[in-house]
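Just below is one structure, and these are the notes that go with it.
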Amino acid sequence: MKKYLVGFWFSLPVQLLLLHLRRYQVFLLFWYILFATVAGDFMHTFGADSLFLAPEYFGEVSPISTGIVGFSVGVFIMSWNITTFILHSKHLKFLATTAQPFLKYCINNAVIPLTFLVFYFIKAVNYASDQELFPLSEVLLMVGGFAVGIILSILIAFIYFFGADKTIYRSMANVITTANTRYAEISKNNPLPKEKADLKVDWFLSASLHLRKPRDVRHYSQDFLDTIFKRHHFAAVIAILVAFIFLVALGYISDTRLFQLPAAASITVFFAILIAGAGAISLFLHSWSLLLLVSIYVGMNFLYQRNIIDPRNKAYGLQYEGKEERPVYSRESVMKMATRENTEADKKQYLEILNRWKAKQGSDKPIVYIINTSGGGTRSATFTMNALQRLDSMMGGELMKRTLLITGASGGTLGAAYFRELYLEKLKGNSINLHDGQYVDNISKDLLSPLFSSFVTRDIMGPVQKFNKFGYQYSKDRGYAFEQKLSENTHGVLDKRLQDYAIPEQTAQIPFMFFNSVINRDGRKMIIGTHPARFLMRPMTDVTHITPFDADAVDFHTFFAKQDAMNLSVLSALRMNATFPYVLPNVWLPSDPVIDVMDAGLRDNFGQETALRFIDAFKGWFQQNTSKVVLLQLRDRGLGDWERPFESSNLMDWLTKPFLLLQNNWYKLQDYYQHDQLEYFFEGYGLQFHRLCFQYMPSRNDAPASLSFHLTAAEKRDIALALDNPLNKHEFMKLERIMK
């Protein structure tokens with residue numbers, strides 16, 4: 001038994017695995033990321049696992065999409081084999097004198113790849129059946145597609161290397177045969193002493209998967225062995241270069257739908273190139289590798305500071321030229337916008353809209369509805385669309401007519417903006433059934449795959465590409481990919497400018513809507529609307545009793561008037577409102593100094609702050625002209641949210657808890673102070689103010705829909721069913737009583 005255990009321990013597959021753990025451990029990081037992603041332990045919040053387990057191509061998960069991912073995983077595995085073969089070949093000199101040394105290396109280096117593939121197949125099958133709700137026959141087709149893709153990829157690689165091996169072996173065959181014959185004769189009488197090697201190998205698997213003993217190669221000159229390996233290295237470099245060129249080319253042609261590959265494929269090929277690059281740096285620079293990386297960073301930072309390279313994203317439709325005309329972002333300039341004269345002028349304009357809205361209601365004192373919708377990625381967008389359709393049905397198709405204002409954050413705003421636009425299209429005479437389930441399907445479609453694909457092929461790998469939008473030129477990046485995909489999913493109805501909504505809002509055809517975001521520089525809110533709303537820049541305060549506050553918000557319309565503010569793309573306004581950290585790039589704006597903005601949820605994830613400030617600004621009008629003010633809140637999480645506490649389950653959680661406490665409790669902290677804010681407002685306004693809250697409560701507390709831009713079929717179903725939970729049924733009953 002001991003003999004077999006020793007033989008197993010000193011077999012090449014085991015020794016290669018140990019060698020990976022001892023040397024160049026950085027390459028194992030890529031495997032860890034893949035394992036952790038597929039397991040749902042890495043970037044699960046962003047939906048990274050769905051990119052690999054349910055890859056989409058042409059908007060659907062299919063054998064073709066899984067086949068493309070399988071092919072890319074094959075490329076990654078071959079890159080791993082090529083790179084480690086180059087780095088570890090000095091420990092495996094006996095392979096140089098065998099036919100097809102690279103093939104033998106791949107077979108013996110298959111422990112980690114095979115483990116990953118088994119793990120991936122198990123996870124993918126469970127995910128497809130439990131989350132995507134595919135029947136067994138379709139699951140098997142997906143598995144078959146992946147298998148065909150990876151086999152094809154590896155087969156192409158082996159055909160290439162088999163040809164290279166034949167050429168190399170043919171040119172060296174005579175030397176190898178002569179040396180082996182001579183060594184056999186000499187060693188009969190004078191055997192060489194046992195070699196002391198860094199890597200002891202007693203057995204290895206041959207190309208036919210038979211056990212073979214390694215050959216003693218000390219009778220070959222070092223130059224000869226190096227020549228063989230160098231020829232293999234050159235063939236490997238050519239293979240990686242082809243993958244690099246493919247990824248760069250993909251950045252150029254990814255606007256063509258045929259080449260919008262699944263994000264997992266782009267990420268995996270990118271990892272393959274990173275492994276090859278890291279291997280090259282380690283091979284040639286050794287201990288100088290860190291210095292090179294630091295030098296690259298310093299050089300890139302130098303170019304960035306001098307605006308030679310500019311990776312920042314812009315808001316499409318805005319004018320960024322003419323630095324001398326950029327507005328100064330300072331306390332003085334912001335406070336100048338928020339003077340009493342300016343706020344009163346803007347209030348007068350909105351009062352005219354309020355009166356037009358009232359005139360359309362057919363009642364002296366109608367009920368006014370204001371909609372708040374929370375952030376939460378596609379989960380919130382889908383829940384918002386479902387809720388608005390149900391509410392509109394209850395009101396006989398008049399929800400938008402009776403609604404004055406819509407505010408919110410992130411994904412919820414996407415759903416609300418889409419529903420409002422569909423209502424406007426219906427008013428124009430288009431044949432639209434607002435309650436059609438197709439619109440829920442549209443807003444719940446994947447937005448994540450093009451983001452990650454563009455991040456790899458455009459933001460990192462590809463050269464800068466330009467495009468024109470509403471009269472100005474910009475660079476393509478993942479922000480552009482997001483807007484393109486959102487427009488495609490909604491059939492182009494949101495591809496408009498702010499000014500396209502000015503008249504419909506001014507004439508009270510549709511509710512007016514504020515697209516908020518947060519200024520990273522100081523946390524102030526950037527309020528984007530079709531009309532100046534400088535009265536929202538700070539609370540209405542009686543200065544004789546309370547020291548006035550500085551403005552805590554900026555009116556976009558006024559501040560960027562010279563930058564063509566009304567030309568801003570609505571898709572960009574929505575993206576600024578929904579800029580989830582890292583997933584989407586922060587949008588920088590043409591001010592002096594430059595400011596950048598991100599997700600509105602950082603400041604007000606429910607839109608309540610803006611809504612209450614608006615009601616307070618026109619409190620007298622509301623009390624005189626309406627019978628009730630009803631705040632309809634659509635939330636992608638429960639009010640209490642006891643189900644997902646921040647707990648420490650391991651030592652790392654315990655160590656990082658102080659740093660992550662605020663991040664994990666951010667939305668709860670907003671809830672706490674907004675509950676107080678709501679109570680104070682109710683006491684000040686009176687009994688005519690109502691708040692109804694419709695909540696997405698998952699059917700299973702341990703399996704809520706992911707907070708990302710991708711939903712599985714099971715998550716979409718769970719969101720649709722959430723409106724019928726007891727809490728929401730109770731809110732619908734309350735609404736019926738209010739409407740009477």
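The values are calculated or read from the model by the stated rules, or taken from the named source; none is laboratory data. Since the structure is predicted, the reported quantities are computational estimates derived from the model, not experimental observations. Note that each Cβ is placed from the backbone with ideal geometry, even for glycine, and that neighbours are counted across all protein chains shown. These area figures cover heavy atoms from the full protein model, side chains too; ligands, DNA and RNA do not enter into them. Shrake-Rupley method; radii C 1.70, N 1.55, O 1.52, S 1.80 Å.
Observations
- For region 108-163 and region 667-690, distance of Cα centres in Å: 53 Å
- Listed pairs Lys401/Lys496; Lys365/Lys445; Lys358/Lys734; Lys2/Lys104 exceeding 29 Å between Cα atoms: Lys365/Lys445
- Cα-based convex hull volume of region 295-356 per residue, rounded to whole Å³: 162 Å³
- Region 22-150: C-alpha gyration tensor shape, a/c 1.5 cut-off, then a/b vs b/c: prolate
- Oblate is the label for region 319-429. Its Cα gyration tensor axes, ordered a ≥ b ≥ c, give a/c of at least 1.5 and b/c at or above a/b.
- About its Cα centre, the dipole of region 318-436 is roughly 340 debye, where the only charges are +1 on Lys and Arg Cβ and -1 on Asp and Glu Cβ.
- Using a probe of 1.4 Å, the accessible surface attributed to His44 totals some 90 Å² when neighbouring protein chains are kept in position.
- Restricting region 326-404 to chymotrypsin sites (Phe, Trp or Tyr not before Pro) that sit in a DSSP loop and have at most 13 other Cβ atoms within 10 Å of their own Cβ leaves nothing.
- For region 42-141, with +1 on Lys and Arg beta carbons and -1 on Asp and Glu, the positive-most of Leu117, His44, Tyr57 along the dipole: Leu117
- Stokes-Einstein D in µm²/s, Kirkwood radius over Cα pairs - region 360-507 at 10 °C with 1.306 mPa s viscosity: 94 µm²/s
- Rounded to whole Å, sorted largest first: equivalent-ellipsoid semi-axes of region 415-480, Cα gyration tensor: 32, 17, 7
- Summarising the overall dimensions of region 335-387 from its C-alpha atoms, the Rg and Dmax are 17.0, 42 angstrom.
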